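For reference, the structure is listed below as structure tokens.
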Amino acid sequence: MTDPGSRTRGLSRADARAFIQAFAAHAGRKGIAAMALVAAGAVLEGLGLVLLVPIIGLVLAPTQAGGWVATLIGGDAKAHLTLLLAGFLGVMIVRALMLRWRDIALFELQNRFTLGLRSNLVSALAEARWERLARLEHARVTSLLMADIGRISSASHFLVQSSVSLAMLAIQLVIALTLAPLFALAALAALVLAGVLMRRAGPNSALRGARMVEANRALMGSASGFLGGLKASAAQGASQRFAGEFDVAQRGVATEQRRFMRSQTNTRTMLSIATALAAAGVVAGGVFAGLTAPVLIALIVIFARMAPLGIQLQQGAQQLVYNGASYAALRAAEDELRHDVPMLTNAEALPPGAIEVASVSYHHGTGGGGVADASLRIEPGEIIGIAGPSGGGKTTLIDLVSGLLTPQSGAITVGGVPLSRSGWGSAVGYVPQDGFLFHDSVRRNLCWGDPGCDDAAIHRALAVADATALVARMPHGLDTIVGERGALLSGGERQRLSIARAVLGERRLLILDEATAALDPDSEARILNRLAALSPRPTILIVAHRAETLGRCPRVIQVADGRVREKPRAVPVR
Ligand SMILES: Nc1ncnc2c1ncn2[C@@H]1O[C@H](COP(=O)(O)OP(=O)(O)OP(=O)(O)O)[C@@H](O)[C@H]1O
């Protein structure tokens, strides 16, 4: 289902402010140190430029030694030049070192910022209510975690780079003001005018940035289901059509990149022409106003440095707005995720006792199904089959009992304590039909979330899940890699390992959601019998369509049209 809140907007002023504030908050004291390095780099650059004026003066007219150098140190022109050059060299060496520290410090800030953003998003996802997560598109999450965080990293790079350019521009402007105030003011006016003329680039970049977020999301959507989709389409002889759809998604990204690149080069070209005109004006005006050669040359050098800095600043701002759209997308997702109270935490264990479902209703969105006025008492250690037609409400019921969903009316208690009050999650083991496995060894898949689990416990769990022979056959036993999502195993093998994982956790409630559907009846019977023989025995809920599976449950409930009712039967599990 499409997430209704997933429409992407461009970077607004509020987002831009939030972005800068978030960056500053992440940077903290290290940010202040980095900014001190930025300022020091700019001042040293300025100092180098200030030294240029007497150096050029001495080079052009060695006989006219004088000015502040002569007043300061006395001596002849050669000594002045030597000293000035030595000073210039010293300043440039210190500046080079300073810039090295500055760039490392800024890179670290940028890196920490993006790592922090990703961690925040992951924790927002982990804490979000299940109903909200279920509504998020998979492609949206993947795109946020990968493409958007990458673009935010670029935005933070441009933010940092712009602050450097700004500091350098400010210093050079101050020097130019000292040397020739009128010309410096003219240059400032030219900069401001260029900024005003380029203002249109802002909203355009914001729009393009938002489109890029959408295009990346479409590409991620195509990429994430690529292999599964390719297999299904190849089976129907439509693999080329499928590949074509992927191509459309990637062309979407390329088109947006091209459009932005063109707009950037357009503004850069206009700015370059404008600055060339301004530079020519400065030289002509300087000659006309009778500025001395050293001052004129120094001004030319300064303006020659200011022009690329101005262009860099404008381009950085454009990139910031363009890539900042990903920050807007991240903020929107986090706002949605943190909108409501967090899901159950693992903080507090619930007391022993029955699970009581009392007049519980839950409806999925407008017009969606769910369960209505469900009441049910589940004793500790009970084994209950849950039957019913597809779409009848079985998954909704178990999601409510496991605490993933919160009843919209009615209440669920465990041992008399409301489920919402404390941590039920760690007491529940859930095994879905497609038994999710990580691309890792059998051991790490089974011990996932339980670092203390040992081989003896693993082998006991494997025995319960009828998987001892399966692991014994594997080339590296427990260290065998199962492939991406367990792709190197059959559906039934994945189910056995998933059941073993749930058993290892020694949970109070085990939910098997069609978790034995891919097994042959004999294996299923062995597993259910061994689960029933566990001591202490967990409460076991088995969602199943097969009559054979339900036939092994001492009690069966029927969920149809959202209504829950008992289905009397009396076949005890052996
Ligand atoms: N996230 C959701 N958003 C909207 N509607 C939903 C959502 N999840 C389930 N539904 C709807 O709620 C009803 C009950 O769904 P549920 O998944 O609980 O049925 P089920 O009995 O488990 O079905 P199946 O046997 O096919 O798995 C269905 O009409 C379904 O379309």
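Hydrodynamic estimate: the Kirkwood radius of the stretch 480-560 over Cα pairs, inserted into Stokes-Einstein at 4 °C and 1.567 mPa s, corresponds to D of 96 µm²/s.
Cysteine residues of the chain whose C-beta has no other cysteine C-beta under 4.7 angstrom: CYS553. For the stretch 12-338, the per residue solvent-accessible surface stands at 51 Å², with DNA, RNA and ligands left out and a 1.4 Å probe.
The local environment of ARG258, defined by Cβ-Cβ distances under 15 Å, has a net charge of +4 under the rule Lys, Arg +1 and Asp, Glu -1. Using Cα atoms only, what is the angle between the long axis of helix 491-504 and the major principal axis of the chain, expressed in degrees (0 to 90) to the nearest 10? With both axes taken from Cα atoms, the answer is about 90 degrees.
Can you pull the percent of the chain's accessible area that's carbon plus sulfur, 1.4 Å probe, other chains left in place? List each step's numbers first, then the result.
Numbers: 17820 of 28690 Å².
The nonpolar share, carbon plus sulfur, comes to 62 percent.
Relative to the longest principal Cα axis of the chain, at what angle does helix 149-179 sit, 0 to 90 degrees, rounded to 10? Rounded to the nearest ten degrees, it is 20. The orientation-averaged projected area of the convex hull spanned by the Cα atoms of the stretch 244-357 comes to 16.2 nm². Where a ≥ b ≥ c are the square roots of the eigenvalues of the C-alpha gyration tensor, would you call the stretch 12-338 rounded, which needs a/c under 1.5, or, failing that, prolate if a/b is larger than b/c, or oblate? Here the stretch 12-338 falls in the prolate category. Value of Rg to Rh for the chain, rounded to two decimals, is 1.17; Kirkwood radius and Rg both from alpha-carbon coordinates. Taking the empirical scaling 2.2 N^0.38 Å for compact globular proteins as reference, the stretch 355-568 has a Cα radius of gyration ratio of 1.02.
DSSP beta bridges confined to the chain are antiparallel in about 55 percent of cases. You can think of it this way: the chain between PHE436 and ILE32 has 140.8 nm of extra reach, that is 0.36 nm per residue less the Cα-Cα gap. Placing a pseudo-label 7 Å from each Cα along the Cα-to-Cβ vector at LEU188 and LEU534 gives an inter-label distance of 7.5 nm.
Residue by residue, the stretch 390-402 carries 3J(HN,Hα) couplings of 4, x, x, x, 5, 5, 4, 4, 6, 5, 5, 5, 7 Hz when phi is fed to the Karplus relation 6.51 cos²θ - 1.76 cosθ + 1.60 (θ = phi - 60°); x denotes Gly or Pro.
Considering only DSSP beta bridges with both partners in the stretch 355-568, what is the antiparallel share in %, to the nearest 5?
Percentage antiparallel, nearest 5: 55.
The alpha-carbon of LYS30 sits under 12 angstrom from the alpha-carbons of these aspartates and glutamates, leaving out residues fewer than 8 places away in its chain: GLU108.
For the stretch 431-441, putting each phi into the Karplus relation 6.51 cos²θ - 1.76 cosθ + 1.60 with θ = phi - 60° gives couplings of 10, x, 4, 9, x, 5, 10, 8, 6, 7, 6 Hz, in residue order, rounded to whole numbers and with x for Gly and Pro. In the chain, helices alone account for a calculated mean residue ellipticity at 222 nm of -21500 deg cm²/dmol, with every DSSP H run of four or more residues adding -39,500 (n - 2.57).
Convex hull of alpha carbon positions in the stretch 38-179: directionally averaged projected area 11.5 nm². Averaged over its residues, the stretch 355-568 has an accessible area of 44 Å² per residue, based on protein heavy atoms and a 1.4 Å probe.
The values are calculated or read from the model by the stated rules, or taken from the named source; none is laboratory data. Source: prediction; values computed, not measured. For neighbour counting, all protein chains shown are included, and Cβ atoms are generated from backbone atoms with ideal geometry for every residue, glycine included. Calculation scope for accessible area: heavy atoms of the full protein, side chains included, ligands and nucleic acids excluded. Shrake-Rupley method; radii C 1.70, N 1.55, O 1.52, S 1.80 Å.
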